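Where a number appears in this text, it was derived from the coordinates with a stated rule and is not lab data. Keep in mind that this is a model prediction, so the values were computed, not measured. Positions of Cβ are backbone-derived with ideal geometry, glycine not excepted, and every protein chain shown enters the neighbour counts.
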């Protein structure tokens, strides 16, 4: 089964990327992998404190994921899987694509502010020629109706 991989983070544009991935998966009988990456610099504390912070980050990610997963299951008939990795976001995204041969498309949301499309979009598009799969970039300000029309 071909899967759409989408990155779960705290950005506003993440919502449209999630919607797009779920709708495309639903229309193509595919799956969705939701990847969340915990940066290593969050745990540069004493060992015990770092472990507690790591567990709190995982719990926060799982709660955030469950909101999207419920919508995907209820509205799109797609049961997404959650993958949590630790490390540098771009390296971990590429590693997950390489580790899971069913991932066929990486879906990213683009920010709408003047600072640019966001760090993930900027960094990954610089390396797009070496990516083993296509990247779909979803504008963060597309309406739900427009997303439905194009998926």
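Taken along the Cα-to-beta-carbon direction at a fixed 7 Å, the label points for residue 102 and residue 144 span 2.8 nm. Taken along its principal axes, the alpha carbon cloud of segment 72-151 reaches lengths of 35, 33, 23 Å, longest axis first. Could you please state, rounded to a whole Å, how far the C-alpha centre of segment 87-114 is from the C-alpha centre of segment 1-43? With segment 87-114 and segment 1-43 each reduced to a Cα centre, they are spaced 8 Å. Between residue 63 and residue 85, the C-beta separation translates, for a Förster distance of 25 Å, into a calculated FRET efficiency of about 0.90. Using the Cβ-Cβ distance between residue 71 and residue 133 with R0 set to 25 Å, the FRET efficiency from 1/(1 + (r/R0)^6) comes to roughly 0.55. Can you show me the helix-derived [θ] at 222 nm for the chain, built from DSSP H runs with n ≥ 4 at -39,500 (n - 2.57) apiece and divided by the number of residues, rounded to the nearest 500. For the chain, the value works out to -14000 deg cm²/dmol.
Computed from the Cα positions only, the extents of segment 20-134 along the three principal axes stand at 47, 35, 33 Å, in decreasing order. Computed on segment 3-150, with alpha-carbon pairs under 8 angstrom and 6+ residues apart, the relative contact order is 33 percent. Each of 73, 114 was scored by other Cβ atoms within 10 Å of its Cβ. Arranged with the fewest first, they read 114, 73.
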